[in-house]
Amino acid sequence: EAAGNEVLSQHHRVLGSRVKRARFLANISDARWAQAVAEHEGIITALEARDGPLLGQLLSAHLGNKFAALKARMN
């Protein structure tokens, strides 16, 4: 909406709702939820330490784990 482009805003809303659903499905088990919380704690620690290389590794691992969990859930 801030862009003043209704088509772009609509696509953003649609994709946002799909991402929200995927995030929920990927963390449906207690084990995955606990893992995600631990990953977030590591990400915050890396941010606080201003450790860019570590942050990049942790974010990449987190997204990979989320994708793997979502993929397993969808199969």
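What follows is calculated from the coordinates using simple rules that are stated; it is not laboratory data. What you are looking at is a predicted structure, and each value in this text was computed from that prediction instead of being measured. Because the Cβ atoms are built from the backbone with ideal geometry, glycine has one as well, and the counts that use them run over all protein chains shown.
Quick notes on this structure:
- Overall form of region 32-75 per C-alpha gyration tensor (a/c, 1.5; a/b vs b/c): oblate
- Option label - semi-axes √(5λ) of the Cα gyration tensor in Å computed here, alternatives (i) 26, 20, 10; (ii) 26, 17, 13; (iii) 72, 5, 4: (i)
- Under 15 Å, Cβ to Cβ, from L63 - net charge with Lys/Arg +1 and Asp/Glu -1: +3
- Angle between the chain longest axis and helix 52-74 axis [Cα atoms, degrees, rounded to 10]: 70
- Remark: R73, R23 ranked as R23, R73, counting other beta-carbon atoms within 10 Å and listing the fewest first.
- Taking 0.36 nm per residue of separation and subtracting the Cα-Cα distance, full extension of the segment from A72 to D30 would add 13.6 nm.
- Each residue of region 17-34 is assigned a 3J(HN,Hα), and the resulting list reads 5, 5, 5, 4, 5, 5, 4, 5, 5, 5, 10, 6, 8, 4, 5, 5, 4, 4 Hz, derived from the Karplus form 6.51 cos²θ - 1.76 cosθ + 1.60 (θ = phi - 60°), x at Gly and Pro.
- Cα gyration tensor shape for region 1-44, rounded if a/c is under 1.5, else prolate or oblate: oblate
- The GluC sites (Glu not before Pro) of the chain that meet both conditions, a loop assignment by DSSP and at most 14 other Cβ atoms within 10 Å of the site Cβ, are E1.
- With each label modelled as a point 7 angstrom along the Cα→C-beta vector, the E41-S17 pair spans 3.6 nm.
- Positive minus negative residues near V14 (Lys, Arg vs Asp, Glu; Cβ under 13 Å): +3
- Cβ-based net charge around Q35, under 12 Å, with every Lys or Arg adding one and every Asp or Glu removing one: -1
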